[in-house]
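Novice: Have a look at this one.
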Amino acid sequence: LEKKLAYIEKQTPRRFPFVNNLNHKSKKRILVTGGAGFVGSHLVDKLMMSGHEVTVVDNFFTGSKRNVEQWVGHENFELIHQDIVTPLFVEVDEIYHLASPASPPHYMYNSVKTIKTNTIGTINMLGLAKRVGAKILIASTSEVYGDPEVHPQPETYWGHVNPIGPRACYDEGKRVAETLSYAYAKQDRVSVRVARIFNTYGPRMHVDDGRVVSNFILQALRNETLTVYGRGNQTRSFQYVSDLVEGLVTLMASNFTQPVNLGNPVEYTISEFASIIRAIVGNNNPIKSVDGIEDDPQRRKPDITRAKIHLKWTPKVPLREGLIRTIAHFRGVLEKSKLTLSL
Ligand code: NAD
Ligand code: UDP
Ligand code: UDP
């Protein structure tokens with residue numbers, strides 16, 4: 001029987017999601033660093049479905065093979081298990097450079113490593129882009145604005161970052177990544193794109209991500225108290241992942257080389273946000289204020305005029321709709337883990 005089953009499995013072609021059939025001229029070889037992570041894996045889905053050849057390089061620090069398992073075995077897909085702090089030699093046309101932990105507990109876990117990833121890792125990717133003549137898009141962040149004194153934040157604002165605080169490894173790492181990009185652009189004519197990404201959420205966020213969206217959803221689903229850090233009047237603006245992916249692809253294809261904010265400008269206080277999640281999950285868990293955290297940016301909202309004008313891009317998914325999809329994802333993950341535990 002085993003032999004028979006093995007034979008049947010061999011004969012049945014693997015089913016992949018639908019992939020567009022691109023002609024040779026339009027098909028690109030694309031590298032996605034950090035492609036097994038939350039944002040990276042959604043970007044990989046989009047690029048693969050468009051019909052491109054996609055190589056993912058990831059060290060699986062916060063990402064997971066499961067996020068890209070739908071493509072393993074596809075002739076257009078390749079997965080390289082490697083740390084980008086070591087040089088990488090591949091031949092590609094475009095690079096989306098996303099490798100870096102993004103959640104504060106993750107990037108603070110090994111702050112020296114976070115700095116190495118964003119500096120040495122970025123030098124390697126720019127060196128690669130220079131050697132092969134590839135376009136490179138750097139995933140920067142709203143954290144380059146630090147705890148902003150200008151509101152909302154336009155790209156022309158230089159920021160207010162504590163260079164020796166607990167968030168510095170990430171904030172300054174990304175600021176150097178931007179500096180490196182424009183130095184390589186000027187000196188070596190590397191074609192760079194810089195996306196300043198604001199808080200993004202959606203399915204495939206890590207369960208232990210530690211950021212506010214996954215924390216509140218999991219607490220609500222597990223009937224626990226929702227923990228608001230500090231008084232809860234600090235604000236954030238939340239973007240659904242498909243809007244971000246659309247923005248990244250549009251930015252890469254554009255001729256615009258200055259930094260561009262990609263985020264949803266609808267702003268909420270963290271207390272309001274806790275109530276919204278609780279209401280969608282449909283329970284009445286307590287919301288509690290716990291100790292605030294050091295250097296927590298007090299207000300954050302993107303000015304997206306640049307993206308609107310130069311990319312004709314605006315985010316489309318309303319918060320409620322995005323949260324419903326994300327909550328459904330986390331419900332599924334929790335149910336699966338219950339099932340595994342009871343086996
Ligand atoms: P994530 O942690 O889910 O993904 C990061 C990926 O990079 C993971 O797969 C991880 O394993 C990989 N990685 C980390 N260090 C690496 C290294 N040294 N070598 C190879 N791979 C490495 O985070 P995310 O939310 O998907 O963020 C992706 C990118 O977008 C990051 O650069 C992040 O700074 C940026 N960003 C994200 C947000 C957000 O809200 N999600 C906001 C601003 C910026
Ligand atoms: N690099 C890489 N892959 C390549 C080309 C370069 O990883 O295909 C790395 C290389 O190891 C170097 C870095 O990118 O450390 C910067 O390259 P660059 O050419 O700017 O610097 P140089 O090699 O002249 O020091
Ligand atoms: N936050 C919170 N409770 C949590 C996690 C985060 O109140 O369980 C707050 C945090 O203090 C910050 C905001 O939510 O003001 C967003 O935090 P997150 O870690 O998601 O991302 P940040 O924008 O700070 O990088």
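Novice: Just for helices (runs of 4 or more DSSP H) wholly inside the range 211-317: which have at least 1 residues that are near ligand 3 (Cβ under 10 Å from one of its atoms)?
Specialist: Ranges flagged: 212-221, 270-281.
Novice: Also, I was wondering about something else. Sort through 119, 156 and tell me the only one that's surrounded by fewer than 23 Cβ atoms within 10 Å (Cβ to Cβ), of a type in the set (Ser, Thr, Tyr) and touching a residue at least 12 places away in the same chain (Cβ under 8 Å).
Specialist: 119
Novice: Just wondering, is there one or more residues in the range 320-334 that are farther than 20 Å from residue 207 by Cβ, part of a helix (DSSP H, G or I) and more than 16 Å from ligand 2 (Cβ to nearest atom)?
Specialist: yes
Novice: Shifting gears a bit: How many residues are surrounded by fewer than 16 Cβ atoms within 10 Å (Cβ to Cβ) and over 17 Å from the mean Cα position of the chain (by Cα) when one looks only at the range 86-107?
Specialist: Within the range 86-107, residues that are surrounded by fewer than 16 Cβ atoms within 10 Å (Cβ to Cβ) and over 17 Å from the mean Cα position of the chain (by Cα) number 6.
Novice: Let me ask another. Kindly establish whether residue 200 is touching a Lys or Arg at 6+ places or on another chain (Cβ under 6 Å) and more than 15 Å from residue 144 (Cα to Cα).
Specialist: no
Novice: Identify all residues within the range 294-319 that are loosely packed, with under 13 Cβ neighbours inside 10 Å and either charged (D, E, K, R) or modelled with pLDDT under 95 (or both); write none if there are none.
Specialist: Across the range 294-319, the qualifying residues are 294, 308, 312, 316.
Novice: Next question. Go through the range 181-196 and give me each residue that's in a helix (DSSP H, G or I) and crowded, with 20+ Cβ neighbours inside 10 Å.
Specialist: Once the filter is applied, which keeps residues that are in a helix (DSSP H, G or I) and crowded, with 20+ Cβ neighbours inside 10 Å, the range 181-196 yields 181, 184.
Novice: Can you find a residue that is away from ligand 2 (no atom under 16 Å from the Cβ) and in contact with a Leu (Cβ under 6 Å, 6 or more places away or on another chain) anywhere in the range 139-149?
Specialist: Checked against the condition, which is being away from ligand 2 (no atom under 16 Å from the Cβ) and in contact with a Leu (Cβ under 6 Å, 6 or more places away or on another chain), the range 139-149 yields at least one hit.
Novice: Further question: Six or more apart or on different chains, Cβ atoms under 7 Å: show the pairs whose first residue is in the range 281-303 and in contact (Cβ under 8 Å) with a residue 24 or more places away in the chain and away from ligand 2 (no atom under 16 Å from the Cβ) and whose second is charged (D, E, K, R) and part of a loop (DSSP other than H, G, I, E, B).
Specialist: Listed by first residue and then by second, the contacts come to 285/224; 289/231; 295/147; 295/167; 297/147; 298/147.
Novice: List the number of the failed condition for residue 237; all other conditions in (1) hydroxyl-bearing (Ser, Thr, Tyr); (2) within 16 Å of the chain's Cα centre (by Cα); (3) surrounded by fewer than 16 Cβ atoms within 10 Å (Cβ to Cβ) hold.
Specialist: It is condition (3) that residue 237 fails.
Novice: Does residue 98 qualify as being out of contact with any His (no Cβ under 8 Å at 6 or more places or on another chain), under 20 Å from residue 214 (Cβ atoms) and either away from ligand 2 (no atom under 16 Å from the Cβ) or in contact (Cβ under 8 Å) with a residue 24 or more places away in the chain (or both)?
Specialist: yes
Novice: Being surrounded by 11 or more Cβ atoms within 10 Å (Cβ to Cβ), of a type in the set (A, V, I, L, M) and more than 30 Å from residue 163 (Cβ to Cβ) narrows it down to one residue among 334, 341; which is it?
Specialist: 334
Novice: Somewhere in the range 81-93, is a residue of a type in the set (Phe, Trp, Tyr) and within 8 Å of ligand 1 (Cβ to nearest atom)?
Specialist: No.
Novice: Cβ-Cβ under 8 Å, sequence separation 6+ or interchain: first residue in the range 203-218 and free of Cβ contacts under 8 Å to residues at least 24 places away in the same chain, partner assigned to a loop (DSSP other than H, G, I, E, B). Which pairs?
Specialist: 215/209
Novice: Is at least one residue of the range 269-279 touching a strand residue (DSSP E or B) at 6+ places or on another chain (Cβ under 6 Å) and of a type outside the set (S, T, N, Q)?
Specialist: yes
Novice: Turning to a different aspect of this structure: Out of all the residues in the range 38-60, which are surrounded by 20 or more Cβ atoms within 10 Å (Cβ to Cβ), of a type in the set (A, V, I, L, M, F, W, C) and away from ligand 3 (no atom under 16 Å from the Cβ)?
Specialist: 43, 44, 47, 48, 54, 56, 57, listed by residue number.
Novice: Of the conditions (1) closer than 23 Å to residue 112 by Cα; (2) out of contact with any Phe, Trp or Tyr (no Cβ under 8 Å at 6 or more places or on another chain); (3) surrounded by 17 or more Cβ atoms within 10 Å (Cβ to Cβ); (4) not aliphatic (A, V, I, L, M), residue 165 fails just one. Which one is it?
Specialist: Condition not satisfied by residue 165: (3).
Novice: Still on this model: Select the strands (runs of 3 or more DSSP E) contained entirely in the range 40-122, then report the ones holding at least 1 residues which are within 18 Å of residue 140 (Cβ to Cβ).
Specialist: Strands (runs of 3 or more DSSP E) meeting the threshold: 94-97.
The values are calculated or read from the model by the stated rules, or taken from the named source; none is laboratory data. Nothing here was measured: the structure is a model prediction, and the numbers come from that model. Glycine also receives a Cβ, built like all others from the backbone with ideal geometry; neighbour counts cover every protein chain displayed.
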